[in-house]
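Since the structure comes first, as structure tokens, the remarks are kept for the end.
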Amino acid sequence: MSNNNIVEIQELIKQFPVGGGFFTALKDINLKIEIGEFTGLVGPSGSGKTTLLNIIGGLDSPTQGNVNVLGIDLGSSSHNKRATLRKTKMGFIFQSYNLLPVYSVFENVELPLILNKVNSNERKKLVEQAVEWVGLTNKLKSRPNMLSGGECQRTAIARAIVHKPALILADEPTANLDAENSHQIMKIMVCLNQELNTSFVFATHDEKIMAYLRRIIHLEDGQIVKDEQIKNPEMGEKR
Amino acid sequence: MLFNLAMKNLIGAGMRTWLNVFVTAVSFFMIIFISGMYDGMRSHAKQVTIDTEVAGGAYWHPKYDPLDPFSYEDAHGIPPKEIRDLIKNEKAFSILVSQASIYPNGRMIPVIMKGIESTQSIINLPTQSLMKEADGLIPVLMGSSMANYTKLKVGDTFAIRWLDANRTYDADEGVIVYIMETENFKVDMGTIWIPLARAQTMLDMKNEATYITFAKNISTVQENENWIYRDVNYLMRDMEAMIAADEPNARIMYAILLALAGMGIFNSQILSIFRRRKEIGTLMAIGMTRSRVVGLFTLEGGMNALFALIMTLILGGPVFIYFATYGIPLPIDYTEMGLIMAKRLIPVYTMGLFVSTTLFISFVVLVLSYLPSRRIAKMKPTDALRGKVN
Ligand SMILES: Nc1ncnc2c1ncn2[C@@H]1O[C@H](COP(=O)(O)OP(=O)(O)OP(=O)(O)O)[C@@H](O)[C@H]1O
Ligand SMILES: [Mg+2]
């Protein structure tokens, strides 16, 4: 695998057992994603975006084919190894934020650092930094139920970025947000992508997100039907 | 790390945690409370038996078998010299046992007639009352249950008939000089107490005894002439057997209470895993291994129990102390049912009870927290994230 590729997928097939047989959610997927990309998996509902994202994140395993993420062959690695990979080098952003309800913003963002055994002084510094990036410094002590949807998702972004992972996987991060909040969040992520060279992979069918993407991988019925590079994303105009 | 997270989760959940903790604490309280009552009952029964009957132990005439009334006819003799010395020094006293019948109000009731040294102070029976002048009648002391049963009151007279040493029947008039309240049914039901000297005369067994009860902390005599030394353990063995027979009941009680406490814990654990499955998926996505998530939930369950224990001690402690000091009044008199029971039951809360209850319950709680949590290890992160449980 070339040093520049953060994700390398060859001949991936993913089947789910349904009833007596199988449902093929992904087939013949060949894909390379390089460090620093800002890529989206785009397609209609049921096309396999989430499934592919979960496989890249090691949350689900391929039925066939090779999946190499950050230099680790996910098909042959153990649960624990994949968990460690996620813990150290990946961040996740979900449609429904998935914040821990009894934790404050600070504690939610701190969690990946605790799992990575970062000492508490360092943790404080990194959390404050991450929260500043997403502009939530004044909400550090709030619990998720006191936050707006946009603020929740910004907290989730801070949590995904706080340990400076190489790859962030975001599944429909704007689906629960209004236009204004969606744009704000995308801008934050573009910024993080440029400043920290963090790679982003989105799964989405939101036009607003697509406007920011520099590469769009079109999925249909579990297959890649089109892979387009976008030279000048429209985001400049929308800013 | 897990500890801090578990702590944060519990404190963060606020009211829900405290409600859970409270319910568990109530079960703990009940377990300790009832166990304490059981222990109190047993130790009270033992103590009463020692106090009113057994003292430091006894020497039995070789033919004496308390369970066989026919043995009484032959079970009498003059105690060996060393034992007589003990008696002289008031370290022991004689009891002469025989079968007799009494005839209160025309009824015939077979009894065990025990002659006892009225000056003794080794066991806690009001034997001094037997020193009362009775106009030549036989002074009789009996327990209140026996008095109830025979419908006799102090001052009532009735005929007593017995078989003397020459195997001839004799009869004389007895008078109730005292009715004692005692919790020990063995000195009450079916027994009448008369002065030793009088019994020896009536039975024509001068200086003789059936057994000698001695005070606590008396060393055994060398020359016992076949009189059988019975230590406290031996004399308490039916008591112990009764307690042992009761053991299954105590265990069932304990098991029911524990099952109640356990069900609460198990239930809340399952609920919590169900409710928090998305959180579980998130933790896995963030990179927590399954075993750590299992550990986290188990720990939360365990700490829940720990809080409950602390709550039990804080809220229940004063109650335990109060009852251990002042006792619990019992509404029914159990003496007639053949039970040795206090009118006010003093529960016994030993350190051992607390420690064993705590250890045992902690173990059960950990298992009960672990079992449901184990399901987490089988969850697929993707399913958990979607809020599905297999
Ligand atoms: N665990 C599963 N068991 C069975 N079928 C599944 C499972 N997960 C996904 N599928 C199926 O695989 C297909 C792709 O699902 P996926 O969630 O990846 O779609 P998606 O592109 O993310 O759609 P959406 O835009 O609605 O989120 C769907 O038809 C779905 O029903
Ligand atoms: Mg999806």
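Helix B:2-13 and the longest principal axis of the C-alpha atoms of chain B enclose an angle of approximately 90°.
Checking the cross-link pairs B:Lys132/B:Lys206; A:Lys141/A:Lys187; A:Lys226/B:Lys278 against a 31 Å limit on the alpha carbon distance flags A:Lys226/B:Lys278 as lying beyond it. At a temperature of 4 °C and a viscosity of 1.567 mPa s, determine how fast chain B diffuses translationally according to Stokes-Einstein, using the Kirkwood radius over alpha-carbon pairs as Rh; express D in µm²/s, rounded to the nearest whole number. Result for D is 51 µm²/s. Note on B:Arg386 and B:Lys151: their simple-model spin labels are 8.5 nm apart, each label 7 Å out from Cα toward Cβ. Only Cα sites of segment A:1-151 enter the Debye sum here, all with the same form factor; the resulting log10 I(q)/I(0) across q = 0.13, 0.15, 0.18 1/Å is -0.76, -0.94, -1.15, listed in q order. Beyond 19 Å, how much of the Cα-Cα pair distribution for segment B:57-230 remains, as a whole percent? Percentage above 19 Å: 54.
Checking the a/c ratio against 1.5 first, then a/b against b/c, what shape does the Cα gyration tensor give for segment B:229-298?
Prolate, because a/c is 1.5 or more and a/b exceeds b/c.
Computed from the alpha carbon positions, the gyration tensor of the protein assembly as shown leads to an equivalent ellipsoid with semi-axes of 90, 22, 19 Å, biggest first.
Ranking of B:Tyr103, A:Tyr103 by neighbouring Cβ atoms within 10 Å, starting from the fewest: B:Tyr103, A:Tyr103. Cβ-Cβ distance of A:Asp221 and A:Lys187, R₀ of 25 Å, FRET efficiency by 1/(1 + (r/R0)^6): the value works out to about 0.15. The mean number of Cβ atoms from other chains found within 10 Å of a Cβ in peptide B:5-11 is 3, as a whole number.
In plain terms, the chain from B:Thr220 to B:Phe360 could stretch by 46.2 nm, reckoned as 0.36 nm per residue minus the Cα-Cα distance. In degrees between 0 and 90, to the nearest 10, how far off the longest principal axis of chain A does helix A:179-196 point, with axes built from Cα atoms? Roughly 80 degrees between the two axes. Inter-chain neighbour count for B:285-297: the average number of beta-carbon atoms from partner chains within 10 Å of each residue's beta-carbon is 6.
Shown here is the pair-distance distribution of segment A:86-239: with all Cα-Cα distances grouped in 5 Å bins from zero up to the longest one, the shares run 2, 9, 19, 22, 20, 13, 7, 5, 2, 0 percent.
All of the numbers you see were taken from the coordinates with simple rules; none came from a lab. What you see is a predicted model, and the numbers here were worked out from it, not measured in a lab. Heads up, the Cβs are rebuilt from the backbone with ideal geometry, glycines too, and the neighbour counts pull from every protein chain shown.
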